[in-house]
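The block underneath contains the structure these notes are about, expressed in structure tokens.
The values are calculated or read from the model by the stated rules, or taken from the named source; none is laboratory data. Remember, predicted model here, so these are calculated numbers, not experimental data. A quick note on method: Cβ atoms are made from the backbone with ideal geometry, for glycine too, and the neighbour counts reach across all protein chains shown.
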Amino acid sequence: MVLKPAAALTTALIVPGLVLLTGCGAEEPAEPLLTSGCMVSSPAGFDDRSIGQLSFGEVSNAQRSDFLGSTSTQRVDSLDDTRRALEDYADRGCTLTALLGPGGAQMLAEVAAGHPDQAWMAVATGGAGAGGQDFPDNVITVDFDLLEPAFIAGYIAATSSETGIVSAYSSYGFENNRGLLTAFDAGVEQFNEDTDAADDERVRSHRAGQIEGRTVSDTTAAGFDITAEAIEADADVIVPFASGAASGSLTWFHEHYFPPDEQTTGPEAEDAPADEPKRTLVWYGADGSETLGRVGRYVIASIVPNIAAGFQTTIEGWPQTGFAGELEPAGQQPEPIGDLLVRSRSYRGTIENGGITMVASDVPLSGVAGVGREVTDVQERIRSGEIELP
């Protein structure tokens with residue numbers, strides 16, 4: 001079998017099934033599996049309880065299932081580091097290199113264009129189909145339409161609020177951040193209309209109508225600062241649409257409710273002063289009530305993208321993890337990109353196609369029962385046309 005000249009980590013195999021491109025006879029010994037899956041996360045990393053962790057789980061499962069022979073990951077903090085990591089994987093001949101998160105989409109487009117015989121993937125970066133970066137044909141895109149979830153998040157945040165102030169923020173580069181913040185505000189206002197609240201009883205979205213005032217750098221420090229500022233303004237439900245910055249919100253909750261002081265450990269340390277409202281989260285990326293440890297008890301709902309469906313819908317034969325549900329049929333015959341067979345060059349998950357799930361948490365601290373019922377009700381009203389998204 002002839003190796004591709006520049007493919008340090010690949011052989012002339014099409015995965016899955018190790019179908020030889022050379023068409024050799026059945027008696028030929030099995031070739032070693034040298035396909036590789038490489039991932040760059042910018043900037044949240046792979047333990048973010050969100051897109052990064054879910055994507056890492058998919059690639060790890062693909063290796064355990066012998067779909068991939070090896071995996072490699074790099075977490076980066078800057079655009080220059082993103083380019084260097086992507087170029088490193090290009091030089092190493094990774095079969096599939098995925099960029100996760102909103103940072104570095106332009107870097108991916110440029111590096112992929114220079115290596116047209118390798119397969120690349122952009123996960124939650126906001127590709128052209130999402131009104132964002134235009135990628136070359138060898139880049140597979142996996143994106144999620146969060147407009148409806150953002151609206152529902154605003155509605156259930158207002159439902160759950162004790163102070164009458166709720167807060168959402170986004171990070172620079174996050175797909176359609178302007179639309180998401182607008183949809184969140186609209187969800188809050190829909191709740192006010194449904195309850196026919198008097199002016200002095202209406203729930204208010206902190207910095208409603210502002211985009212720049214609610215958009216921050218995608219760093220832990222920036223997420224912590226905007227969370228602390230919103231809570232100082234008496235917001236009691238925080239909704240981050242971010243990657244790295246969302247970790248800053250978690251830091252605030254950890255420091256406030258679980259201070260690292262032996263004098264205050266134990267169940268009583270988890271309770272705020274009696275005159276202080278309980279602060280809660282709507283989490284994006286995974287079921288926060290299950291994945292965020294002790295902070296999970298402050299998560300009233302989660303917006304969960306179906307990363308498994310993204311990988312399985314786009315890449316032929318991607319191993320099933322049991323999370324994807326029923327897949328959309330391929331729009332065409334699978335075609336090769338490098339050593340991969342590709343079912344579809346793009347996937348866009350929505351609530352309607354099962355690509356996103358709103359998960360309500362059983363959180364007694366919220367002080368409000370029936371969040372799941374509210375989620376279902378609002379979804380049905382959107383489907384019927386009674387509610388129009390902004």
Which of (1) touching a strand residue (DSSP E or B) at 6+ places or on another chain (Cβ under 6 Å); (2) hydrophobic (A, V, I, L, M, F, W, C); (3) at pLDDT below 90 is the odd one out, the single condition Ala128 does not satisfy?
(1)
State which residue is surrounded by the most Cβ atoms within 10 Å (Cβ to Cβ) when the search covers only the stretch 189-222 and only residues that are closer than 29 Å to Phe174 by Cα and small (Gly, Ala, Ser).
Ser205
Could you say whether any residue in the stretch 223-233 is exposed (fewer than 15 other Cβ atoms within 10 Å of the Cβ), touching a residue at least 60 places away in the same chain (Cβ under 8 Å) and assigned by TED's automatic domain parsing to the domain that holds Tyr172?
yes
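Among the residues of the stretch 130-152, are any outside any loop (DSSP other than H, G, I, E, B), small (Gly, Ala, Ser) and in contact (Cβ under 8 Å) with a residue 60 or more places away in the chain?
Taking the stretch 130-152 and keeping what is outside any loop (DSSP other than H, G, I, E, B), we get 130, 133, 139-144, 147-152.
This time we only want the ones that are small (Gly, Ala, Ser), so: 130, 150.
Narrowing the set further to residues that are in contact (Cβ under 8 Å) with a residue 60 or more places away in the chain leaves 130, 150.
Within the stretch 130-152, one or more residues are outside any loop (DSSP other than H, G, I, E, B), small (Gly, Ala, Ser) and in contact (Cβ under 8 Å) with a residue 60 or more places away in the chain.
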Could you pull out the residue among Thr159, Thr182, Thr251 that is part of a helix (DSSP H, G or I) and either surrounded by 22 or more Cβ atoms within 10 Å (Cβ to Cβ) or without any contact (Cβ under 8 Å) to a residue 24 or more places away in the chain (or both)?
Thr159
Among the residues in the stretch 163-175, are any within 23 Å of Gly223 (Cβ to Cβ), in contact (Cβ under 8 Å) with a residue 24 or more places away in the chain and in a helix (DSSP H, G or I)?
no
Candidate set: the stretch 162-179, residues that are surrounded by fewer than 24 Cβ atoms within 10 Å (Cβ to Cβ) and among the β-branched types (Val, Ile, Thr); chosen: the one nearest to the chain's Cα centre (by Cα):
Ile165
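Out of all the residues in the stretch 262-278, is one or more assigned by TED's automatic domain parsing to the domain that holds Gly164, under 21 Å from Thr220 (Cβ atoms) and either modelled with pLDDT of 70 or more or loosely packed, with under 12 Cβ neighbours inside 10 Å (or both)? I'd like the intermediate steps shown before the answer.
As a first pass, look at the stretch 262-278 and keep what is assigned by TED's automatic domain parsing to the domain that holds Gly164: 262-278.
Okay, now just the ones that are also under 21 Å from Thr220 (Cβ atoms), so none.
Taking every residue of the stretch 262-278 in turn, none turns out to be assigned by TED's automatic domain parsing to the domain that holds Gly164, under 21 Å from Thr220 (Cβ atoms) and either modelled with pLDDT of 70 or more or loosely packed, with under 12 Cβ neighbours inside 10 Å (or both).
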